[in-house]
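Since the structure comes first, as structure tokens, the remarks are kept for the end.
The values are calculated or read from the model by the stated rules, or taken from the named source; none is laboratory data. Fair warning: this is a prediction, and the values are worked out from it, not measured in the lab. Ideal geometry is used to build each Cβ from the backbone, glycine not excepted, and the neighbour counts take in all protein chains shown.
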Amino acid sequence: MIKTIEEINQKIQSGKAVVLTAEEIIDVVRKKGVAQTAKEVDVVTTGTFSPMCSSGAFFNIKQLTEKMKIGGGFATLNGVAAYAGLAAADIYLGATALPEGDPRNSNGRPGKFRYGGAHVIEDLVSGKKVALKAGGHGTDCYPRREREQLIGFDDMNDAFLFNPRNCYQNYNVAVNLSDKPIYTYMGKLKPGIGNANYCSAGQLSPLFNDPYYRTIGIGTRVFFCGAQGYVAWHGTQHNPSAKRQENGIPETPAGTVALIGDLKQMTPQWLKAVSFTGYGVTLSVAVGVPIPILDEQMVRYVSVSDEEISAPVVDYSRFYPYGEGQSPLCSVTYAQLKSGQITVKGKKVPTGSFSSYARAREVAGHLKDLICKGEFLLARAQAPLPGAVIEKEAV
């Protein structure tokens with residue numbers, strides 16, 4: 001049995017679509033089998049809520065009566081530097097951007113960055129105003145040279161989130177084999193393999209449920225931090241050639257997507273700034289991707305469970321990422337990671353996740369509700385991601 005995205009959208013609009021989350025469908029397939037599930041289910045929703053460093057926002061700031069060319073000058077928002085090498089009133093603020101200064105404690109130990117680009121973005125989404133300070137060289141058409149002002153979304157023509165790399169398809173489990181603690185974007189790693197940190201929603205994660213990118217491509221509509229967004233391109237560091245298991249799941253970090261959405265429509269419930277001691281700040285992003293059930297093969301993909309997904313355990317004190325001739329210490333399943341303990345080099349190690357599975361479940365459930373209400377339709381991808389296995393029905 002083969003369905004099309006258009007047929008599924010018609011069922012969504014008529015209120016007849018059957019929608020399950022990627023967690024719910026696992027038991028359905030076990031009870032009813034692949035063929036029957038393919039007949040009954042139309043859409044499976046995925047979700048993740050994780051720190052994603054490669055994120056940021058474009059702002060187009062309304063001009064005052066005396067206009068100013070920020071492009072080529074400088075701009076800060078609440079003391080955090082934004083990139084001003086664009087047009088007269090466009091700036092880009094990276095989520096990991098930091099104000100000037102050294103957060104280390106007086107004894108030289110790593111300190112905590114308490115405010116950065118991610119916090120500015122969250123403040124704006126929360127309805128707050130932030131302090132703009134900008135300077136330019138002045139021109140005949142843009143004579144103003146300085147500008148200081150409290151601004152919010154009302155003072156911007158446009159504000160949109162554009163994240164160059166989100167939703168990593170699998171990722172490392174970080175450990176530390178050295179004899180001292182290290183501070184990383186995967187958190188504090190205790191010496192002697194004292195802990196193991198990971199960052200993925202596992203069976204709910206979007207790209208695990210479409211491992212060969214049959215339905216997720218450029219133009220796919222997604223739930224993005226409370227708004228409807230889109231896959232704009234393949235993400236940076238997209239690596240579809242990573243070695244895969246028989247079920248198509250990559251054994252190492254693989255695919256990524258670049259996402260775009262209207263920041264003015266987003267909500268602080270689904271977008272949170274995060275600080276990491278000794279590393280910096282980042283943005284936790286909520287992403288939900290609907291997977292159309294086009295045929296039985298898609299049912300097999302979306303019913304993958306944590307027991308079937310493996311991740312590499314990597315020593316962040318010696319080499320990261322591991323290169324040619326090197327390999328992970330071992331591999332573990334997400335079921336083992338979520339149990340709270342794994343075994344590495346014969347040692348039982350406690351695990352911790354920087355990706356919230358509870359919030360990922362909320363994302364997938366919320367997207368399911370939107371689709372069931374007819375408030376979210378599927379969008380056919382306009383072009384495939386690199387490495388995609390595309391068949392006619394899925395294009």
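Filter segment 148-193 for residues that are at positive phi and in a loop (DSSP other than H, G, I, E, B); which is farthest from the chain's Cα centre (by Cα)? The residue in question is Gly192. For segment 39-58, a residue qualifies if it is out of contact with any Ser or Thr (no Cβ under 9 Å at 6 or more places or on another chain) and under 18 Å from Ala17 (Cβ atoms), and the qualifying residues are Lys39, Glu40, Val41, Asp42, Val43. If Glu246 passes every condition in (1) at pLDDT below 95; (2) outside any loop (DSSP other than H, G, I, E, B) but one, which one does it miss? Of the numbered conditions (1) at pLDDT below 95; (2) outside any loop (DSSP other than H, G, I, E, B), the odd one out for Glu246 is (2).
Is it fair to say Asn197 is farther than 22 Å from Glu308 by Cα, in contact with a Phe, Trp or Tyr (Cβ under 9 Å, 6 or more places away or on another chain) and crowded, with 17+ Cβ neighbours inside 10 Å?
Values: farther than 22 Å from Glu308 by Cα: no; in contact with a Phe, Trp or Tyr (Cβ under 9 Å, 6 or more places away or on another chain): yes; crowded, with 17+ Cβ neighbours inside 10 Å: yes.
Taking the combined requirement at face value, the residue does not satisfy it.
Counting only helices (runs of 4 or more DSSP H) that sit wholly inside segment 5-78, those with at least 1 residues that are under 30 Å from Ser353 (Cβ atoms) and more than 26 Å from the chain's Cα centre (by Cα) are 24-32, 34-40. Within segment 259-310, being over 19 Å from Asn163 (Cα atoms) and modelled with pLDDT under 95 holds for Phe276, Thr277, Gly278, Tyr279.
Which residues, taken from segment 24-61, are charged (D, E, K, R) and either modelled with pLDDT under 95 or in contact with a helix residue (DSSP H, G or I) (Cβ under 6 Å, 6 or more places away or on another chain) (or both)? First the steps, then the outcome.
Taking segment 24-61 first, the residues charged (D, E, K, R) are 24, 27, 30-32, 39-40, 42.
Passing the criteria: only Asp42.
Tell me the residue from Tyr198, Tyr142 that is in the same structural domain as Trp233 (by TED's automatic domain parsing) and in contact (Cβ under 8 Å) with a residue 12 or more places away in the chain, please. The match here is Tyr198. For residues that are in contact with a strand residue (DSSP E or B) (Cβ under 6 Å, 6 or more places away or on another chain) and polar (S, T, N, Q), scanning just segment 134-168, find the one that is farthest from Val257 (Cα to Cα). That would be Gln149.
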